[in-house]
Amino acid sequence: MGEGSPNLELQAMAAQSLQAVGQVTKAAELFVGLAKSMAASDISGAAAIRADFLARAARLFLTSGDEVQAKVLVVDSLTLATATPDAAYVALKTGMSALPGITKDSLIAALAGSDNFDDLLLAALTVGDDIHHPLCLPIYSRMRQLRPDLPKVRMALVQIARMHCNYEILAVEEPLLHQDIAAGRLDFLAMETPHANLMWLADERLNRLAGYIAVRTPMSPEVRAKRHAIPHAWGQRLRIGYLSGDFWDNHATMRLLRSVLASHDKSRLDIQLFCHTPPGLAEIDGGGRSEWGEITSIVGCSDEEAESVIRAKGVDILVDLKGHTRDSRSGLMNRPIAPVHVAWLGFPGSCVAVDCDYVIGDPVVLPDSSKPHYHEKFCRLPESYQPNDSIHRPLPPASGRMVLGLPSDRIIIGAFNSQSKNTPETLGIWARILKANPKALLWMMIDGHAARQSTVRFFKSLGVKQSQLLFAPKMLYENHIARVQAADFAIDSFPYNGHTTTSDMLWAGLPVITKRGSNFASRVSESLLKAIGLDELVAMDEDGLVALATDLVNNPARVAQLKNHIADQRFKAPLFDASRFCRHLEIAYEMMAERAKAGLEPDHFDVPALPLDVTGFQRAS
């Protein structure tokens, strides 16, 4: 309170005592009186003390339900001094973040410095989904310290730390997670999103327990039975509906899918796109949307309205392209919309709590051993589950090492997957390779000074010098594809592989090495490599991967041979043959429809492979 203010100290203690016994309004009034008594005070720091009293009073009035008085007092407090946690709490809680001279970030910062869990919780809620906010990680770290018993806070912290490449946190938290699993303590998984769970856990049985799902009404046997029992008028053409929020041509999903959509045989299939793409993104589409099918927007529609819109189109097969990913509307699949519901492409695993009859995969990502861990039946395409676009995907000339500032006399291993996939497990494998090959460099795509420094520190703890590490910023897709060709080969991440990124690397002509996985997300690179005839780049385990990388580092002739293979097979092998993929997909839809027409329950099936055209499907221009 400042020297010479014993009376203020006593009165403040009295106000706190009133608050403690539940006399909130009286305590608030006493704090207001204290603030008024200091109006003419010459005590050092009087303005800040007065502001603090007013903020305390404001929060107490808010607690008592008097929001009007709380707002008046918090404005007075913020006029006198920078925000205290109490002032920030009232301002944000009552929607006053747009006060003159006061920014929302300054209010969040005030709460982030508090030891009150409620303050931190409000700060976290205000930050919301902006996990790149500079205060996000400190807020959740402090919440975890104050309430280590809360699994939701725990799992949010792990996810945020992974996005920030904060290995100091991950090195502590991930072993504790595995300890809990080993001890049979699995409740915390219910507080993690399915997608975040795949980033660190490659156990299909446990992946199903990740229960923090944005589906308001989970699937039920009753709704499923009702959907299958509704009479349906099948037309001469199969009516396929695709449900997604990614229908714009520069989205990663559409870099894979657009040529398949355009290749559908419109004489046999009626293609409907049920689009919840944000209008701002749809507006910057370069014109590809018009080639993909009839687009029906469900932006702004409630689930009830969207169900009615889709049902009115008489769709035979509804395909959800999002699954448990951001901005999904997979909850619509839990409504009786179409005779056949299918999950494909967006989410690499079983969509728990979502009513899909089938999941589309291939024999690599969905082996027979996975069947007990899926409620969906397997529709396995013969080569790879992942479509690829060889028509619109840029393939620029390679950028030279000199232009990129890279050494010409070193082996460079590219690591271009999302930095959130660079788990401690991944970096541990990469460290073994670098230590075994001290002349090799690892070129990683990591943005942000803090993330890079944390990565350097973690590698140092594993015995790797910073001189073996290179960093690449994010850049425009075409420039990135030109850049990555300067590497000798690329290495995968674990347990969540590169998916679109792996096919991007192969498209660019860069060999990718990986290892055998144990769930869908960790098997994707193997699937893609197999589809271009590079099974040899799939190691059976970590030791095998280290040996494979070491061989490539020391065998430039083999690296050149692999690059030549990709160049030769780019327009011959199935991986980038969108038309061939589309024909297999259409056969899959026909097989699903035939079972449904016959009144048969969905069942596992494999799509037979069409004969290969050895002459190639498209020549490089």
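Worth a mention:
- Sequence ranges 540-552, 418-430, ranked by mean other-Cβ count within 10 angstrom, highest first: 418-430, 540-552
- Between 0 and 90 degrees, the angle of helix 24-37 with respect to the longest Cα principal axis of the chain falls at about 60 degrees.
- Between the range 486-556 and the range 560-621, the Cα center-to-center distance that results, in Å: 21
- Whole-angstrom gap from the range 417-461 to the range 256-272, using each part's C-alpha centre: 41
- Values of log10 I(q)/I(0), in the order q = 0.11, 0.14, 0.16 Å⁻¹, for the range 1-103 under a Debye, Cα-only, solvent-free model: -0.30, -0.48, -0.63
- Of the residues G361, G293, Q236, the one whose Cα sits farthest towards the positive end of the charge dipole of the range 221-380 is Q236 (charges of +1 on Lys and Arg Cβ, -1 on Asp and Glu Cβ, taken about the Cα centre).
- In a reduced charge model with +1 at each Lys and Arg Cβ and -1 at each Asp and Glu Cβ, the range 401-570 shows a dipole moment near 500 debye about its Cα centre.
- Centroid-to-centroid separation of the range 136-198 and the range 87-104 [C-alpha atoms, Å]: 30
- Each peptide among 564-574, 407-417, 250-260 gets the average number of other Cβ atoms lying within 10 Å of its residues, and from highest to lowest they stand as 250-260, 407-417, 564-574.
- Helix 136-146 and the long axis of the chain differ in direction by around 70°, with both axes built from C-alpha atoms.
- Relative contact order [Cα under 8 Å, 6+ residues apart], the chain, whole percent: 11
- Residue (of W443, G544, V464) at the positive-pole extreme of the range 401-570, dipole from beta-carbon charges: V464
- Rounded to the nearest 20, the Cβ-based charge dipole of the chain about its Cα centre (Lys and Arg +1, Asp and Glu -1) stands at 800 debye.
- The fraction of Cα-Cα pairs per 5 angstrom bin, counted from 0 for the range 221-380, comes to 2, 9, 18, 22, 22, 16, 9, 3, 0 percent, rounded to whole percents.
- Cβ-derived FRET efficiency at R0 22 Å, A214 paired with M191, nearest 0.05: 0.95
- Spin-label model, E222 to E304: label points 7 Å out along the Cα-to-beta-carbon direction sit 1.8 nm apart.
- Prolate/oblate/rounded call for the range 401-570, Cα gyration tensor, a/c under 1.5 rounded: rounded
- Summing Lys and Arg as +1 and Asp and Glu as -1 over all other residues whose Cβ lies under 12 Å from the Cβ of F188 gives a net charge of -2.
- Protection proxy ranking for 79-88, 121-130, 348-357, 8-17, using the average of other Cβ atoms within 10 Å per residue and placing the highest first: 348-357, 79-88, 121-130, 8-17.
- Available extension along the chain between I230 and H132 is 30.6 nm, counting 0.36 nm per residue and deducting the alpha carbon span.
- Once the convex hull of all Cα atoms in the chain is built, its volume per residue stands at 195 Å³.
- Between L10 and D603, the contour length at 0.36 nm per residue exceeds the Cα-Cα span by 205.9 nm.
- Between 0 and 90 degrees, the angle of helix 424-436 with respect to the longest Cα principal axis of the chain falls at about 60 degrees.
- Ellipticity at 222 nm from helices only: DSSP H runs of n ≥ 4 in the chain, each -39500 (n - 2.57), divided by the residue count, give -13500 deg cm²/dmol.
Bear in mind these aren't lab numbers, they're just calculated from the coordinates by the rules spelled out. Keep in mind that this is a model prediction, so the values were computed, not measured. Quick reminder, even Gly has a Cβ in these numbers, built from the backbone with ideal geometry, and neighbours come from all protein chains shown.
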